[in-house]
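Below is one structure, written out as structure tokens, with a few remarks after it.
Readers should treat all values here as calculations from the given coordinates under stated rules, not as data from a laboratory. What you see is a predicted model, and the numbers here were worked out from it, not measured in a lab. Cβ sites come from the backbone with ideal geometry, for glycine too, and all protein chains shown count toward neighbours.
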Amino acid sequence: MKPEHFADFANSILSTGLMRHNAHGEPAEPAAVTAAHALAEKVDRLGQLAADAAAIELEAARIRTELEAAGLREILGLNYRASFAPCKGAQKINWKAIAAKFKPSPQLIRAHTTTGKESTRMTITAHPTH
């Protein structure tokens, strides 16, 4: 086979897929996708989306810092406009500290304590690399 034809040969083999054979030498059926395999793929996709989202947030924060450092009130892009305005800090009242000054009884605290609805926490982590 001439070297210039090898790439065509390789592409034709890869495009048709390599034929798998069973123990008797007969063509094997393609492996069925199991439920566990399908779930594993979804976990990997969700993990990749989370990693992409984190990278996007990090890039957005870096760009915002650079734009703010320019010190301009408005910056026009081709499709978007960024405008900057100073804002006063929000006031927050620490009601828990105020209530503690009145020394409420445990019964009063229990009477005004509610429990939120149950939920399920999911954590996606990458496999450790060695």
Legend entry - Estimated vicinal HN-Hα couplings, Hz - the stretch 44-49 in sequence order (Karplus 6.51, -1.76, 1.60; Gly, Pro = x): 4, 5, 5, x, 5, 4
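Which of the chymotrypsin sites (Phe, Trp or Tyr not before Pro) found in the stretch 52-130 are loop residues per DSSP with 14 or fewer other Cβ atoms within 10 Å of their Cβ?
Tyr80, Phe84, Phe102
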Inset, instruction - Convert each backbone phi in the stretch 101-112 into a coupling constant with the Karplus relation 6.51 cos²θ - 1.76 cosθ + 1.60 (shift: θ = phi - 60°), then list the ³J(HN,Hα) values in order as whole Hz, x for Gly and Pro. - result: 5, 8, 6, x, 6, x, 5, 5, 5, 4, 5, 10
Legend entry - Projected-area mean, the stretch 33-85, by convex hull of Cα positions, square nanometres: 5.4 nm²
Legend entry - Positive dipole terminus of the stretch 33-85, leading residue within Ala55, Thr65, Leu76 (C-beta point charges): Leu76
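Beyond 18 Å, what share of the Cα-Cα pairs of the stretch 24-130 is found? Please give it as a whole percent. Could the numbers behind the result be given before it?
Numbers: 4463 of 5671 pairs.
That tail contains 79 percent of the Cα-Cα pairs.
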Legend entry - Whole-Hz couplings from phi, Karplus 6.51/-1.76/1.60, listed for the stretch 79-88; x for Gly and Pro: 10, 9, 10, 10, 10, 10, 9, x, 10, 6
Inset, instruction - Just tell me which lysines come within less than 26 Å, Cα to Cα, of Lys88; anything on the same chain fewer than 8 places away is out. - result: Lys96
